[in-house]
Amino acid sequence: MTEHIKISRQNSILHVRFTREEKKNAITGAMYVAMTHALTSASTDENIRVIVFSAAGNIFTAGNDITDFVTFAGSIEISPAALFIKALANFQKPMIAAVNGKAVGIGTTMLLHCDLVYASPEASFSTPFVDLGLVPEAGASLLLPMRIGYARAAQMLLLGEPFSAAHALEAGLINEIMSADTLLEHTLSKAATIATKPQNALTASRALMRSGQEALKNHMDKEFAQFALALNSSEAREAFLAFVKK
Ligand code: COA
């Protein structure tokens, strides 16, 4: 386990929090493992009805740890990041995120699997995969065009343009904007509300809302295959080294 993911429980809410402020909450393999474990345990724990994701500090997350990209060896499909993504996509209970500050890469793509997203005015959402010589992950190349339309998805996924909180709200990527000091309280109160709903009806409704995403699993497999190729490309290596060397 890692100290960079804090897991806490408030009644039937499981709260998963990024706590790696000194590295802008960049997500390491150990952090993915901790989050996958939290999701797997929560899915069989009848007393957990909803998950809340949040982050310490003034950033949600700077995305995947880039030094982990540099040193990565092995099979993408069974990497800690991929196992987390699969657990997220398969999770059957509601997930709610509180986003304060930047949500980069998987920080944004993981939100496409959440049911509700609340953000501070300082939040921004970016998916700079192409700039890093990579391709989108977590089903984002399917889910983002479905969610916000191809034109806006192309701005994010191809041009790598960040969306401000206001733009994300207008595009339908997030639910509400509220001040950073009330964000978590508001998110937890929505989680408490959803936790009181009739559970069978809630779970079934959620599954029905996602039934248009039947292609998601195959699509994610395609993304993993492309991602593995891209990760070893010279384009990606150059981009990672540029970041590491600043
Ligand atoms: N992976 C690894 N380390 C990261 C990181 C990442 N994704 N993002 C930030 N860090 C580290 C920095 O290397 C730095 O470490 P150091 O203090 O040991 O030098 C520390 O976190 C602070 O980052 P810094 O860049 O100085 O903060 P900033 O406020 O100037 O900028 C960001 C914040 C998020 C804009 C910038 O760090 C960034 O662009 N990060 C990379 C985002 C990215 O491309 N993620 C991958 C998406 S697929």
Quiz item: Hey, does the range 80-89 have a residue that's in a strand (DSSP E or B) and modelled with pLDDT of 95 or more?
Solution: no
Quiz item: Name the residues in the range 18-50 that are closer than 19 Å to ALA195 by Cα and either within 8 Å of the ligand (Cβ to nearest atom) or without any contact (Cβ under 8 Å) to a residue 60 or more places away in the chain (or both), would you?
Solution: ALA38, LEU39, THR40, SER41, ALA42, SER43, THR44, ASP45, GLU46, ASN47, ILE48
Self-check item: Residue that is more than 30 Å from ALA73 (Cβ to Cβ), free of Cβ contacts under 8 Å to residues at least 40 places away in the same chain and surrounded by 13 or more Cβ atoms within 10 Å (Cβ to Cβ), where the choices are ALA180, ALA191, ALA195, ALA171
Solution: ALA171
Quiz prompt | Residues of the range 64-79 that turn out to be more than 16 Å from GLY105 (Cα to Cα) and either more than 16 Å from the ligand (Cβ to nearest atom) or in a loop (DSSP other than H, G, I, E, B) (or both), as a count | solution = 7
Quiz item: Within the group LEU231, LEU241, which residue is over 30 Å from LEU14 (Cβ atoms), surrounded by 12 or more Cβ atoms within 10 Å (Cβ to Cβ), within 16 Å of the ligand (Cβ to nearest atom) and in contact (Cβ under 8 Å) with a residue 60 or more places away in the chain?
Solution: LEU231
Quiz prompt | Unmet requirement for PHE125, which otherwise passes all of (1) of a type in the set (Phe, Trp, Tyr); (2) within 14 Å of the ligand (Cβ to nearest atom); (3) touching a residue at least 60 places away in the same chain (Cβ under 8 Å) | solution = (3)
Quiz item: When the range 23-51 is examined, which residues are found to be out of contact with any Leu (no Cβ under 9 Å at 6 or more places or on another chain), of a type in the set (A, V, I, L, M, F, W, C) and surrounded by fewer than 20 Cβ atoms within 10 Å (Cβ to Cβ)?
Solution: ALA30
Quiz item: Before we move on, is LEU229 assigned to a helix (DSSP H, G or I) and either closer than 13 Å to PHE69 by Cα or not aliphatic (A, V, I, L, M) (or both)?
Solution: yes
Self-check item: Among (1) crowded, with 19+ Cβ neighbours inside 10 Å; (2) in a helix (DSSP H, G or I); (3) away from the ligand (no atom under 16 Å from the Cβ) - the single one ILE96 does not satisfy
Solution: (2)
Exercise. Would you mind stating whether PHE53 is among the aromatic types (Phe, Trp, Tyr) and within 13 Å of the ligand (Cβ to nearest atom)?
Key: no
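The values are calculated or read from the model by the stated rules, or taken from the named source; none is laboratory data. Here the structure is a predicted model, which means the values were calculated and not measured. Methodologically, a virtual Cβ is constructed for each residue, glycine included, from the backbone with ideal geometry; neighbour enumeration extends over all protein chains shown.
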